[in-house]
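Contents: one structure, followed by commentary.
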Amino acid sequence: MPDQHLDPTVAATYDARVADRFDPDLLAATTGRLAELAGGGAALEFAIGTGRVALPLTERGVEVHGIELSEPMLAELRAKPGGDSIPVTVGDMTSTPVPGTFSLVYLVFNTIGNLTTQGAQVACFRNAAAHLEPGGHFVIEVGVPDPPRRHEPSRFRPFSVTDDHIGIDEYVDPVDQVFVSHHYRPNDEEGARVSGRFRYVWPSELDLMAQLAGMRLRHRWGGWDGDVFTHSSPSHVSVWQLSA
């Protein structure tokens, strides 16, 4: 089971904490790409959360279903206009079944890392494949790992330093590829510090997981706009296709 670190307090403030992810241009690029990959069929979002992507994707005419483990996050989705119309199954994205098949399954914003073991991540791929129609696509958006090298004295990697937010990744286990992401918000009266445990995963490792689930890589971009993925890309959007 993934860590359910999204308690009611975190869920209630989640959208505000990731406000930059609601940028209209980013959402337009994200949902445009997903709608294209859906090809007129239905889509299933793993870890649908508060509906940041699902709601604008439905506005593009895509039928969206979801799986969500955190009931507080799901409550936030239900409170939004149109949130009640999206069918969501409460459960673990590694094993929860949803009726029907889909032309697209997708998992965005580093959420594959919420699964903190390699076995759970492999199971996520297999569950995605089980829901896809032949020839359907599975999409993941995730950062490229940047763990400290052996000669570096610190296991900490700052990734955000502003007046409102300090973000630090603490790499705690290089064998199981586990890190803890710490977020400090000095101006936040409630929950100034939030930490979550995650597993980082390499692009080549994801490709092997896809292969084990009967899928093959079709695209890997540096972002939703289709930028070329290079050795210096901080993240990637990868698309695997289930064998027809």
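Before rounding to the nearest 500, sum -39500 (n - 2.57) across all DSSP H runs of length at least 4 in the chain and divide by the residue total; then give [θ] at 222 nm in deg cm²/dmol. Don't skip to the answer; put the middle values down first.
Numbers: 6 runs with 63 residues, N = 244.
When only DSSP H runs of four or more count, the value is -7500 deg cm²/dmol.
If you take every residue apart from C124 with its C-beta less than 12 Å away from the C-beta of C124, what net charge results, scoring Lys and Arg +1 and Asp and Glu -1?
On the way: positive: R126, R199; negative: D92.
Net of charged neighbours comes to +1.
The trypsin sites (Lys or Arg not before Pro) of the stretch 116-172 that meet both conditions, a loop assignment by DSSP and at most 15 other Cβ atoms within 10 Å of the site Cβ, are R149, R150, R155.
Out of all Cα-Cα pairs in the stretch 161-210, roughly what percent, to the nearest whole number, are more than 14 Å apart?
Cα-Cα pairs of the stretch 161-210 separated by over 14 Å account for 60 percent.
With the cut-off at 1.5 for a/c, could you classify the stretch 2-57 from its C-alpha gyration tensor as rounded, prolate or oblate?
Values: a/c = 3.28, a/b = 1.59, b/c = 2.07.
Because a/c hits 1.5 or more and a/b fails to exceed b/c, the stretch 2-57 counts as oblate.
What's the longest bit of the chain with no exposed GluC sites (Glu not before Pro), using DSSP loop states and at most 13 other Cβ atoms within 10 Å as the test? Longest run free of exposed loop sites: 1-188.
Springs join every pair of Cα atoms under 10 Å in this Gaussian network model of the chain, and among P97, P145, P158 the largest mean-square fluctuation is at P158. Which of V18, V108, V201 ends up with the largest GNM mean-square fluctuation for the chain, with Cα atoms connected below 10 Å? Judging by the Gaussian network model, the answer is V18.
Values quoted throughout were computed directly from the atomic coordinates according to the rules given, and no laboratory measurement underlies them. Only a predicted model underlies this, so the values are computations on that prediction, with no experimental measurement involved. Please note: Cβ atoms are built from the backbone with ideal geometry, for glycine as well, and neighbour counts cover all protein chains shown.
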